[in-house]
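First the structure, in the form of structure tokens, and then the observations on it.
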Amino acid sequence: MGRWVVTSQRADGLWTCYAHRPETGPETSGTAGIAAALLLAHELGLAPASVQDVARRALQGLERYLSPDGFLHGVTQSNKGGEELQRSGYRVYLQMGLGLAVQLAAIHRSLGGR
């Protein structure tokens, strides 16, 4: 799965709401979660060192979505509105996304990333 998902990372470092559907637009919490999972897999010896570059690109992409007061924008609305809402490109500020981004940054730093 890791090998497959890496091929879906966009040029800006993000993944889309549905990784295999670029038309669903960028999604920040999913990006943070995917990149953090790849780094954890690397820590466990289940993914190559190259995922560190993948994670660095994700972190750089996420920086553009941080608000001045420290919130992460670009998070897909919860599924309460159904798939149509998630596919629509409508995005919100949500603490869950920020938490995943901070976890990603912490893991990246612990592996020597800057």
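A compact table of results
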item: Selection status of Leu66, buried (at least 20 other Cβ atoms within 10 Å of the Cβ) and either in contact with a His (Cβ under 9 Å, 6 or more places away or on another chain) or within 16 Å of Ala106 (Cβ to Cβ) (or both); result: no
item: In region 34-53, residue farthest from Leu104 (Cα to Cα) [restricted to those that are buried (at least 20 other Cβ atoms within 10 Å of the Cβ) and touching a residue at least 60 places away in the same chain (Cβ under 8 Å)]; result: His42
item: Residue list for region 62-101, filter: at pLDDT below 85 and aliphatic (A, V, I, L, M); result: Val75, Leu85, Val92, Leu94, Met96, Leu98, Leu100
item: Some residue of region 103-114 being surrounded by 12 or more Cβ atoms within 10 Å (Cβ to Cβ), at pLDDT 85 or above, part of a loop (DSSP other than H, G, I, E, B) and not charged (D, E, K, R); result: yes
item: Count of residues meeting criterion [outside any loop (DSSP other than H, G, I, E, B), among the aliphatic types (A, V, I, L, M) and buried (at least 20 other Cβ atoms within 10 Å of the Cβ)] in region 1-33; result: 1
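The values are calculated or read from the model by the stated rules, or taken from the named source; none is laboratory data. Note that the structure is a prediction, hence the values are computed from the model and not measured. Glycine also receives a Cβ, built like all others from the backbone with ideal geometry; neighbour counts cover every protein chain displayed.
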